[in-house]
Amino acid sequence: MLYITVVDCSATHDAEVTLRALLTGTRKWPGDDAVDAAAEARCNAAFASYVGVPFEQSRLETDFYTTDRTGWSAGDRRLICLVYDPDNTSLTRSLRGSHL
């Protein structure tokens, strides 16, 4: 089980959630590559909306959490997208709308 601690953006944090969503698909596991590609596409779109510039034009990085084969088979399709600053692991302000 994945736990992410929610803190105020003015408190020290190392990443921010840009999207919580569900991936679509059948009960059959589509494979790591397919899940990662779907997650990356959703997260990059969320990144642009959240930060204010496309991922490719930003110095910030993105990451995501998805389920594994066992979770997928059990119906878990959760996707959590993150944005973080690789040059500053102790953020004390939000990256939302930062255009970095």
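Data table
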{"quantity": "Cut-off of 10 Å, at most 11 other beta carbons, DSSP loop: longest stretch of the chain lacking such trypsin sites (Lys or Arg not before Pro)", "calculated": "60-92"}
{"quantity": "Environment charge at ARG59 (Cβ cut-off 14 Å; Lys +1, Arg +1, Asp -1, Glu -1)", "calculated": "-4"}
{"quantity": "P(r) weight above 16 Å for region 1-51, C-alpha pairs, percent", "calculated": "56 percent"}
{"quantity": "Within-15-Å neighbourhood charge of THR26 [Cβ basis; K, R +1; D, E -1]", "calculated": "+3"}
{"quantity": "Mean separation of Cα contacts under 8 Å, 6 or more apart, over the residue count of the chain: relative contact order %", "calculated": "43 percent"}
{"quantity": "For the chain, the fraction of alpha-carbon pairs in successive 10 Å shells from zero, as %", "calculated": "15, 44, 29, 11, 0"}
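Values quoted throughout were computed directly from the atomic coordinates according to the rules given, and no laboratory measurement underlies them. Given the structure is predicted, the values throughout are model-derived calculations rather than measurements. Counting neighbours? That spans all protein chains shown, and the Cβs are built from the backbone with ideal geometry, glycine included.
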